[in-house]
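For reference, the structure discussed in these notes is given below.
The values are calculated or read from the model by the stated rules, or taken from the named source; none is laboratory data. Everything numeric in this text was worked out from a predicted model, so none of it was measured. Please note: Cβ atoms are built from the backbone with ideal geometry, for glycine as well, and neighbour counts cover all protein chains shown.
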Amino acid sequence: MVVDDDPPIRSLVKTVLTKHGFDVIEAHDGQHALSLLKEGEGRQCVDVLIADIVMPGGVDGVTVAETFLRECPFTRVVLMSGYNDVGSINLESNGRWQFVPKPFLPRSLVQAIQEIGVIPPQPSEAKPGDTDGSAPAQSVVSVD
């Protein structure tokens, strides 16, 4: 799941992840992400949560991450921010989360996901028009 209030950033992250074989759920803010978590007959847990730290609406990325980590023990988290002062983030790491400063290169995002133990699938053969040889492979980010 990608949680960011900035549509171009959400789109960029979705494109990068899709090219590396991820299925992506988008949320436009923290409240939307939490509502997706609580949706349906139970929890909608995901393998990877990528969230902007600073978002409007009263629910920031750290709150979303804490909730997902509490409710979904197998979820891993990548937090993003364009602000440099992230020293106040107080999440128990245990190898379950990483931070990526904005702006970032696509490979930095993928590397952060690898570092939290969610290995992107190997890209399948390149499709015509792919310039980097990474075409969608299998699903990695999934809804349980």
Note to self: Checking residue 31 against (1) closer than 23 Å to residue 101 by Cβ; (2) at pLDDT 90 or above, only one condition comes out false. Which one?
What the structure shows: (1)
Checklist line | Only one of 26, 39 that is touching a helix residue (DSSP H, G or I) at 6+ places or on another chain (Cβ under 8 Å) and without any contact (Cβ under 8 Å) to a residue 40 or more places away in the chain | finding: 26
Checklist line | Single residue of 46, 62, 78 found to be touching a Cys at 6+ places or on another chain (Cβ under 9 Å) and β-branched (Val, Ile, Thr) | finding: 46
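With respect to residue 86, is the statement that it is in contact with a Pro (Cβ under 9 Å, 6 or more places away or on another chain) and at pLDDT below 90 true?
Considered against the rule, which asks whether it is in contact with a Pro (Cβ under 9 Å, 6 or more places away or on another chain) and at pLDDT below 90, residue 86 comes out as yes.
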Notebook entry, point to check: Of the residues in the stretch 42-83, how many are aromatic (Phe, Trp, Tyr) and either crowded, with 19+ Cβ neighbours inside 10 Å or modelled with pLDDT of 95 or more (or both)?
Noted result: 1
